[in-house]
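Q: To start, I am sharing the structure in question, which I have written as structure tokens.
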Amino acid sequence: MRLQFIGTGSILSASMSASALVDGKVLVDAPNGSLKAMRGHGLDPLDIDVCLITHFHADHFFDIVFLFLEQGLRHARDRELVLIGPSGFEERLERLFEMAYPDTYAGIREKVPPRFVEIGDQGGEWSGDGYRIHAMPVDHTVPALGYAIADESGARLGYTGDTVLCPAVEKLAADCPTVVLDTSFPAEGKFGHMGLADVEPLADRHPDVRFLATHRDDDVTRSSRTNIVFPEDGQAFEIDGAATPAGPGAP
Ligand SMILES: [Zn+2]
Ligand SMILES: [Zn+2]
């Protein structure tokens, strides 16, 4: 499994808003600017077959319109685009599309076409395309999901999305050798997010887990804990039993 960060920042950071791509085809979150950023890293948005949305805040969701335009404006998919996210996904997308490009959704939808997998507050699972994806509710200011993504080789990746430290985060750390974590702030967490004051004790409790800190304000840059990594936009990691930096940049 290859994980590449499209963005690693928070809403107000210089880096792009947090999102990541697994194996070039599973996009985790579609924040503002993420589809353009993919192109900037030499990645093709046409290759995305599955998109996981953690929650419907704009810095995780608003580029979903552009994912549809990338795949349906000048192209037509030959199979469904799988869209996994919290309950209400389909209806939210329709409303967002109507605001963004009135009266265009029906035509684009025919060419994409989407298959929505909406996850309720009990969590859920989806399998397909060689992946098994387990969605679990996390604790943010709106309904939000964390994901555990496993492939057929046994690689396992955890991805918290925006959340405070909660049982689902502990579970991801217990189950996955690599976990991408909301680390918005240099000290205490606030506003429904974690800070290093949450992440460092978590890293101490799970010394064999590699934590990839993302959704970072610009002043979240370092830790004394060696199992907390601060990736840059575009940086890629090989995910298997343990995360190993695969070097920065595009393929
Ligand atoms: Zn949020
Ligand atoms: Zn966010």
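Each value in this text was obtained by applying a stated rule to the coordinates, not by laboratory testing. Computed from a predicted model, the values in this text were never measured in an experiment. Methodologically, a virtual Cβ is constructed for each residue, glycine included, from the backbone with ideal geometry; neighbour enumeration extends over all protein chains shown.
Q: In the stretch 126-229, what % of DSSP beta bridges are antiparallel (nearest 5)?
A: Details: 15 of 26 bridges.
If we restrict to bridges inside the stretch 126-229, about 60 percent are antiparallel.
Q: Could you bin all the Cα-Cα distances of the stretch 2-244 into 10 Å bins starting at 0 and give me the percent of pairs in each, rounded to whole numbers?
A: Reading the bins upward from 0: 8, 35, 38, 16, 3, 0.
Q: Relative contact order (percent) for the chain, with alpha-carbon contacts under 8 angstrom and 6 or more residues of separation? Show your work: numbers first, answer last.
A: Numbers: 609 pairs, mean separation 45.6, N = 251.
Answer for the chain is 18 percent.
Q: Summing +1 for each Lys or Arg and -1 for each Asp or Glu, what net charge is found among the other residues whose Cβ lies under 12 Å from the Cβ of ASP59?
A: Numbers: positive: none; negative: ASP29, ASP63, ASP162, ASP182.
Its environment carries a net charge of -4.
Q: Taking the alpha-carbon centroid of each part, what is the distance from the stretch 90-146 to the stretch 1-41 in angstrom?
A: When both Cα centres are located, 17 Å separates them.
Q: Then there is this: Identify the GluC sites (Glu not before Pro) of the stretch 111-155 meeting these criteria: DSSP loop state and at most 16 other C-beta atoms within 10 Å of the C-beta.
A: Details: sites: GLU118, GLU125, GLU152; in loops: GLU152.
Passing both the DSSP loop test and the Cβ count: GLU152.
Q: List the chymotrypsin sites (Phe, Trp or Tyr not before Pro) in the stretch 159-245 that DSSP assigns to loop (not H, G, I, E or B) and whose Cβ has at most 15 other Cβ atoms within 10 Å. Which are they?
A: On the way: sites: TYR159, PHE191, PHE211, PHE237; in loops: PHE191.
Counting only loop positions with at most 15 other Cβ atoms within 10 Å, the chymotrypsin sites (Phe, Trp or Tyr not before Pro) in the stretch 159-245 are PHE191.
Q: Here is a follow-up. I want the antiparallel fraction of DSSP beta bridges within the chain, as a percent rounded to 5. Walk me through the numbers before you get to the answer.
A: Working: 29 of 54 bridges.
Given both bridge residues lie in the chain, the antiparallel proportion sits at roughly 55 percent.
Q: Let me have the 222 nm mean residue ellipticity of the chain computed from DSSP H runs of 4+ only, each contributing -39500 (n - 2.57), with the sum over all residues rounded to the nearest 500. It would help to have the intermediate numbers written out before the result.
A: Numbers: 7 runs with 58 residues, N = 251.
Result for the chain: -6500 deg cm²/dmol, rounded to the nearest 500.
Q: Using the count of nearby Cβ atoms within 10 Å as a rough guide to exposure, how do THR221, THR178 rank from fewest to most? Could the numbers behind the result be given before it?
A: Values: THR221 10, THR178 25.
Ranked by crowding around the Cβ, least crowded first: THR221, THR178.
Q: Under 15 Å from the Cα of LYS36, which aspartates and glutamates turn up, not counting those fewer than eight places away in the same chain?
A: ASP44, ASP47, ASP59, ASP63, GLU70, ASP233
Q: What does the extension gain come out to for ASP129 and LEU46, with contour length at 0.36 nm per residue minus their alpha carbon separation?
A: Numbers: separation 83, 0.36 × 83 = 29.88 nm, distance 1.57 nm.
Gain in length upon complete extension: 28.3 nm.
Q: Additional query: Report the local net charge at ARG2: Lys and Arg +1, Asp and Glu -1, summed over other residues whose C-beta lies under 11 Å from its C-beta. Could you put the intermediate results ahead of the total?
A: Working: positive: LYS25; negative: ASP23, ASP151, GLU238, ASP240.
Local charge sum for ARG2: -3.
Q: Taking the Cα centre of the chain as origin, sum charge times position over the Cβ atoms of Lys and Arg (+1) and Asp and Glu (-1), and report the length of that vector in debye to the nearest 20. Each step should come with its number before you reach the end.
A: Details: 21 positive and 39 negative charges, 62 e Å.
The calculated dipole for the chain is roughly 300 debye.
Q: Run a plain Debye calculation on the stretch 1-83 (Cα atoms as equal point scatterers, no solvent) and give log10 I(q)/I(0) at q = 0.17 Å⁻¹, rounded to two decimals, same order as the q list.
A: -0.60
Q: Looking at the stretch 192-225, which trypsin sites (Lys or Arg not before Pro) are in a loop (DSSP not H, G, I, E or B) and have at most 15 other Cβ atoms within 10 Å? Before the final figure, lay out each step's value.
A: Numbers: sites: ARG205, ARG210, ARG216, ARG222, ARG225; in loops: ARG222, ARG225.
The qualifying sites are ARG222.
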